[in-house]
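Read the figures in this text as sums done on the coordinates, not as results from a lab. Here the structure is a predicted model, which means the values were calculated and not measured. Reconstructed Cβ throughout: ideal geometry from the backbone, glycine too, with neighbour counts over all protein chains shown.
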Amino acid sequence: MSTPVVTPAPAQAPATPAAPGRPALRPGLLLAVIALCTAVTAANIYLAAPLLGLIARDFGASPSSAGWIASVSQLGYAIGLLAFAPLGDTADRRRLVAVLSSVAGVALVAAAFAPGLPALAAAVLVACAATVVPQLLVPLVAERAPADRRGRHLAAVVSGLFTGVVAARVLGGLVGEAYGWRTVFIGGAVLTIVVGLLTALALPAETRPRQAARPLKSIAALPGLMRSSAELRAACLRQGGLFGAWSSLWTTLALLLTADTPFHLSTATAGLFGLFGLISTAVAPLSGSMIDRFGPDRVVASSYVIVAASLPLFWLGGHHLWALCAAAAVIHVGLTGGQVANQARALGATAKPSSANTAYVVSAFIGGASASALAGPAFAHWGWNGVCAIAAVSLTIGWFGATRGRAKHA
C-alpha cells in the first residue's frame, strides 16, 4: 500500500487573473516558462566551474586559487536567498524577478571585464546573490499545483535547474575553450536579462494583499521557523549533506580532468562531463512520481544510499576514467531524488512556504559552499583522495545530523 505524501495541501487558489491588457498563460505553458527561467538563472551559479583552468591561466594564478570562485558563487547564492527569497511570501514576485534578473545580468557583464581574481570574485558574488529567481518561483508552483501532482510539478522545475547546470558546464566549457572565458559570462548576462524579463511578464498578477517588505525581519525569523519544525530541519540537513557531497566532487572535477596526470584533458573535453547532468533532467520527473506515490521519506533514504554507492566509484575514478563516468551517472540519480523529495518536505513543513524554502535552499548551499571551500585545498594537498574524503564526511554529517535531531524531538 502506497504512503501518501506528507506535505499538506495548501488552500488551492482560484485561477489567478491576468494583468490588465494581457491574457493569462495556460498552466502547462507557465510551468514550462518557469522551468526555462530556472535553467538559465541556475546556470549562473556554475558558470565559472568549467572555466577555472582558463581563469587561472589568464590571471597567472594557481588552480586552487581560482577554485575559490566556485565557493564564492555558492556563498553569493546563499546570501541572496537570505535577503530576497523570503520576500516571495509578501512582495510582488513579478517585480522581484525583473529587478533581480537585471542586476544579475549587469554583474555578469562586470565579471566578464574583471581585471583580476578579486574583482571577478566580487562580481560573481553579486551575480549569484541576485540569481535567486528560481526560489521565488518554486513556492508559486507548489501553491498552484494540485495536491496529487505536487511532486511532479516540483520535479519539472528541478529538471530545469539541472538542465541549467548541464548547460553551464558543457556549453560553458566548449565556448570558453573556443572564445575565452569572458565570452561565457557575456552570454550568460544576455540570457539572464532576456529570459528573466520575459518570465516576469508571463507570471500571473498577485491577488494577495500587499505587505511591506521587511527582509531583515524575514531573515531574523528563519531560526525560529527552523526550531519550530523538526521536519524542516531534517530536510535542510539531509539536503545540505547531499549537496555538499556532490558539490565538493563536481566543482573540483575540472581540476582533476585537466591536470597533467592522469587524464590531461582539454577544458572543452572536461566540460563534456557535464552531460551526465542530463541524467538528473530525466530522473526528476520519475522522482516526482515516486514522491506522489510513496512519500518523500522513502525517496530521501534511497537517494542517500545511491549517493553513498557513488563514492567508491569516484575514488577509483581518480585513476580510471570508466569509474569516474559511472560515478557521475550514479551521483546525479541520488542527488536529484533527494533534491525533489527534500524540497517537497520543506515546502509542506510550515505555513510559510517561501520562508521555509529559503531556509532549505540556504542550508543546502551552505553545505555545498563549505564542502567546495574545503575541496579546493584538499585537492591541492592530498589530491583526489582528499576530495572524496570531504564528500564522505559531508554525506555522513547530513544523514546522522538529521537523524539525531529528529530523535531528540520525537
ask   = Quick one: length gained pulling Ser228 to Val393 fully straight, 0.36 nm per residue minus the C-alpha distance?
value = 56.7 nm
Likely footprinting exposure, His320, His332, fewest C-beta neighbours within 10 Å first = His320, His332
query = In which sequence would Phe59, Phe365, Phe379 go, from the one with the fewest C-beta neighbours within 10 Å to the one with the most?
reply = Phe59, Phe379, Phe365
Simple spin-label estimate for Leu216 and Leu316 in nanometres, 7 Å along Cα-Cβ = 5.6 nm
remark   = In the chain, taking the dipole from +1 charges on Lys and Arg beta carbons and -1 charges on Asp and Glu beta carbons about the Cα centre, the listed residue (Val99, Ala351, Ile291) farthest towards the positive end is Ala351
ask   = Computed FRET efficiency, Cβ-Cβ of Ala351 and Ala61, R0 45 Å: what is it to the nearest 0.05?
value = 0.40
inquiry  = Checking understanding here: applying a Kyte-Doolittle mean of at least 0.0 and a length along the axis of at least 30 Å (C-alpha), which whole DSSP H helices in the chain pass?
reply    = 150-179, 181-202, 230-258, 296-316, 321-347, 353-382, 384-408
key: Contour minus Cα-Cα distance for Val194 and His264 (0.36 nm per residue)   = 21.5 nm
key: Residue-span extension gain [Ala323 to Arg149] - 0.36 nm each, minus C-alpha spacing   = 59.0 nm
key: Options Gly28, Ile69, Ile186, ranked by Cα towards positive dipole end of the chain, top entry (Cβ charges)   = Gly28
